[in-house]
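Structure record follows, encoded as structure tokens.
Every number here is computed from the coordinates shown, using simple stated rules; none is lab data. Everything quoted here is computed from the prediction, not taken from an experiment. Note that each Cβ is placed from the backbone with ideal geometry, even for glycine, and that neighbours are counted across all protein chains shown.
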Amino acid sequence: MIGNILKYLFYFIFLVLLEVFVVAKFNIHFYVNPHIYLLFIVILPVFTNRHLVLFLGFLLGFIIDQFMGTGGLHAGATLIMAYMRQILLSAFAPREGYGKEDFLTIKQFGLVNFLFYCGFMILIHHFFLFLFELFTFKNFLFTLLRTLLSGLLSLLFITGLHLLFSRKPSK
Amino acid sequence: MQNFADFLRRYSQFILFLFLLGISVFFIYKNNKYQRVLIFNAANETAGQAYSVYASAWEYLNLKKNNRLLADENAALRAQLLADKYKIYNKWMNSDTSYKQVYKYIPAQVINNSVDKANNYVTLNVGRLHGVKPDMGIISPDGVVGVVKSVSDHFSVGISLLHRKLQLSARLRGSEFFGSLQWQGTDESTLILEYIPSYAQVTPGDTIETTTYSSIFPQGIPIGRVKSFEVDADEGYFRIKVKPMAEFRKLNTVYVIDYTLKQEQTILEDEAKKGDPE
């Protein structure tokens, strides 16, 4: 239990640092704006207390906001994503249901299901993030395009990171 | 009472969600108000510290290139200096040389910077203690970078030219026509200059610079070059696409401009406006 908390604390700090000091510095293009810190909410154990998931989503986003100077953009987007997590988890549940494993692994999910689950999480997060950023429905097509293009790259990064994370315990 | 407790238990998740969402939206809204772009509070001072550690590591890696850039700038400045001295020697030797310094330059390092957001900011490693105040201009050796918006003791945050709400008065170098320059929010290499009358002479490659109608920048600081233009037939104005001079992806050493007469100017202007009917 304590080990688990420490593990997730490590992920939390690691992802925040990676996001703020590496990914945010990419500045690839206006339309390609990946974010990886939401992996933390994606990989929380399936049976985590739902209130805790919401709170952690908000807190994670809020800390990112403090670094980016963006008020509550990331907090809002991550919170909405955290709220939708439960629905997505049941939608993409494996046929036998979830096991009691602590770690939400790709193996347990199946790659396709994981990509769908993770992809939808990213789309929800990015869509609300970019919508809040412009704070208007005016450039709606821009927002959709940004969501799609950025989401694809985020999915690539996040899946890669997740594979990296899940390899560690077996060694 | 029992019902109410049931209700709370049933919807507690949703209530928590709404509560936290309310907080987020409040912060987003607060942050979106132009005048209060960033609440540079204690937490951000911490973020600022973290960024400056990061920036100093990054600086170290770029030392060679930055040295070269600074050397180039030094050379350019020295050239100007010699030219000035020559002039003084020939013509102004005996005249009164006690001019008042109108613009002061505070050197600064960019420690955080973005170019891919809808509104972009630069964070500088100088703050109130170095004499930086809100609404001072920021320039790089290449050209205009932005305007300081918030200041803490050791850091300041400026809104960059790549911010949809920053509007600058700008003119074509060598002509008296001026217009209003603004970013549209999608392409980091294009600013839009409007309200230059369609009978002005414009050619691609022309320099766009700051005007005298500004209490932020001295006149004649380059902003960008004309990329292309079109004439708005209905309005009789040019719509000119301008590529900024400053390389926003490579910003490093910049200067904050302190216009020492600013207070005098604004007080006088406010006074003149006082009698106006609203």
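Listed from fewest to most Cβ neighbours within 10 Å, the set B:177, A:137 follows the order A:137, B:177.
Multiplying each eigenvalue of the alpha-carbon gyration tensor of region B:107-258 by 5 and taking the square root yields semi-axes of 28, 15, 12 Å, largest first, rounded to whole angstroms. In a DSSP loop and with at most 15 other Cβ atoms within 10 Å, the GluC sites (Glu not before Pro) in region B:157-244 are B:176, B:235. In terms of surrounding Cβ atoms within a 10 Å radius of their Cβ, B:211, A:105 rank from fewest to most as A:105, B:211. The count of lysine pairs in region B:107-258 whose Cα atoms are under 26 Å apart, excluding pairs fewer than 8 places apart on the same chain, comes to 22. Just to confirm the filter: which chymotrypsin sites (Phe, Trp or Tyr not before Pro) across region B:226-263 are DSSP coil and have at most 14 other Cβ within 10 angstrom of their Cβ? Here no chymotrypsin sites (Phe, Trp or Tyr not before Pro) fit, given the DSSP loop and packing criteria. For residue B:149, the amide hydrogen comes within under 5 Å of the amide hydrogens of B:135, B:157, B:158, B:159, counting only partners 5 or more places away or on other chains and with H modelled in the peptide plane.
Inter-label distance, residue B:227 to residue B:5: 6.6 nm, where each label sits 7 Å from its Cα along the C-beta direction.
Seen from residue A:57, the other residues with C-beta closer than 13 Å to its C-beta sum to a net charge of +1, counting Lys and Arg as +1 and Asp and Glu as -1.
I'd like the mean, over residues of B:109-118, of how many other protein chain beta carbons sit within 10 Å of each residue's own Cβ.
5
Sorting A:166, B:24, B:52 by the number of Cβ atoms found within 10 Å of their own Cβ, with the fewest placed first, yields A:166, B:52, B:24. Taken as Cα centroids, region B:97-160 and region A:1-63 sit 32 Å apart, rounded to the nearest whole angstrom. Segment residue B:187..residue B:269, full-extension length gain: 25.9 nm, with 0.36 nm per residue of separation and the alpha-carbon distance subtracted. For the segment B:11-21, counting C-beta atoms of other chains within 10 Å of every residue's C-beta and taking the mean gives 5.
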